[in-house]
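Heads up: the structure comes next, in structure tokens.
The values are calculated or read from the model by the stated rules, or taken from the named source; none is laboratory data. The model shown is predicted, which means the values in this text are computed figures rather than measured ones. In this analysis, Cβ positions are derived from the backbone assuming ideal geometry, glycine residues included, and neighbour counts consider all displayed protein chains. The area values use the complete protein model at the heavy-atom level, side chains included, leaving out ligands, DNA and RNA. Shrake-Rupley method; radii C 1.70, N 1.55, O 1.52, S 1.80 Å.
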Amino acid sequence: MTTSQKNPAKTDLCHQPGLTRLEDALRIAFNDVAVRAPVIEAPLSDCYGAILRKDIVARVDVPSADNSAMDGYAFCHADLQEFVGASDAQIIVGGVSLAGHPFAGEIPRGQAIRIATGASIPDGADCIIIQENITANADETLLTIPQDVIAKTRLHQHIRQRGEDVATGMVVLPAGKRLRPQDIAVAAGQGYQSLPVSRPLSVAVFSTGDELARPGDPLPAGGVYDSNRFAMIGMLRACGCRVTDLGLLADDFDVLKTALKDAAQTHDVIMTSGGVSVGKADLLKPVVDSLGEIQAWKLAIKPGKPLMRGRIGDCVVIGLPGNPVSVMVSGLLYAVPLLLHMMGAADQVCVPVRLPATAGFDFSRGTGRREWLRARLVQDDDGQWVAIPYHSASSGMLSSMVWAEGLIEIAEDCGQVKKGDRVLYLPFGGLQAF
């Protein structure tokens, strides 16, 4: 049975007490946190990846007139019917229609018009024969058309009808959409120079932990270079946020309190890594509690359980765990959807793509938390694509995220996966920060 086929009611009862399921945490967060980003009118070139805030309605038909889908010759279909059953036809070319330079007037009876792809169909013409099926003399004034070509020619053949792609008045881009290159192209094709989109959220980012060192600095004994901050910055920029890098902050209550208080006054969101668990040095939670309030803590997920959401004034605080893989997984599946929601994205934009896949592995575990295994798709001996996980589930192995091309999702009530079972695969390309 696939994870997507499991009984929702059963799953509701199967998560660990005291922990919140991911979808519940997101639903609560979406209800608690309003759309924050104001609407700005941005030029098209600045709209890639932005969230559209109003429906975009077609101003013109596409195509704007009936036009040719092929290079060839335009005819009146009724004229061609006069040659059916006779010998090969010889027809005079009465003019030319080019894209941007249409033939003026009506097609002369019994004649053809040379036509280019994208050129307007002359009045009176209602079919196109491609040039490869016709023989023309040296100066293209006389055509010879084989009888079998005439017999196969159909009314409206190779003609694109006005408005068949886009009709004036239809919604071509719905509000809440995250704009891709093809979306910008559609807007440009409708004559829009700018679009109403969300202003990027301003997000302050820092990492905590006295064991952390800045890349480039000498690494002290027992220390580790800070990688989490760069993962967070990358995810934030990829989903359209404007980032302020506050660097590394010491595990000191007063230092953290001052930094968070200042950042909250000038940013929409603060995102951190580390300091949200229950250890002696995990100070972020009490600091946020002293300045504002904790609104959510601990999710029924693996990796990433000690995840915190809070508020300082109007600023949302998202505290991600300290382990590198936990930062990325919880960031992609919780923080990024919440940020997109705050920028006015439609709910379906915030949901990652989940594809059914065949398990190429055996796996067992305790139930109670939804788990994601770093994974990729490979072809088995039969040429079928199967999902395989990384050899270790350690949330400290950041290199596993480099190896992986997606995530395998294991539902809360699933304790065993056997090779050949159906699983859900989340390709990184279907996550909004990749």
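Can you find, within segment 263-322, the residue that is surrounded by the most Cβ atoms within 10 Å (Cβ to Cβ) among those that are of a type in the set (A, V, I, L, M) and part of a loop (DSSP other than H, G, I, E, B)? So, considering only residues that are of a type in the set (A, V, I, L, M) and part of a loop (DSSP other than H, G, I, E, B), the one surrounded by the most Cβ atoms within 10 Å (Cβ to Cβ) is LEU307.
In this structure, is VAL327 open to solvent by 50 Å² or more (accessible area, probe 1.4 Å) and in contact with a helix residue (DSSP H, G or I) (Cβ under 6 Å, 6 or more places away or on another chain)?
On the way: open to solvent by 50 Å² or more (accessible area, probe 1.4 Å): no; in contact with a helix residue (DSSP H, G or I) (Cβ under 6 Å, 6 or more places away or on another chain): yes.
In short, no.
Inspect all residues belonging to segment 381-393 and state whether any of them is touching a residue at least 60 places away in the same chain (Cβ under 8 Å) and among the hydroxyl-bearing types (Ser, Thr, Tyr). No, segment 381-393 has no match at all.
Which is modelled with pLDDT under 95, in contact with a Pro (Cβ under 8 Å, 6 or more places away or on another chain) and open to solvent by less than 70 Å² (accessible area, probe 1.4 Å), of THR11, THR2?
Working: THR11 fails: in contact with a Pro (Cβ under 8 Å, 6 or more places away or on another chain).
After ruling out the rest, the residue left standing is THR2.
Scanning segment 145-162 for residues that are over 18 Å from ALA125 (Cα atoms) and in contact (Cβ under 8 Å) with a residue 24 or more places away in the chain gives PRO146, GLN147.
How many of the residues in segment 389-434 are of a type in the set (Ser, Thr, Tyr), assigned to a helix (DSSP H, G or I) and open to solvent by 30 Å² or more (accessible area, probe 1.4 Å)? The qualifying residues number 1.
None of PRO200, PRO174, PRO196 is open to solvent by 40 Å² or more (accessible area, probe 1.4 Å), over 21 Å from ALA89 (Cα atoms) and either among the small types (Gly, Ala, Ser) or in contact with a strand residue (DSSP E or B) (Cβ under 6 Å, 6 or more places away or on another chain) (or both) except PRO200. Does segment 69-79 contain any residue that is in contact with a Gly (Cβ under 7 Å, 6 or more places away or on another chain) and at pLDDT below 95? Yes: one or more hits.
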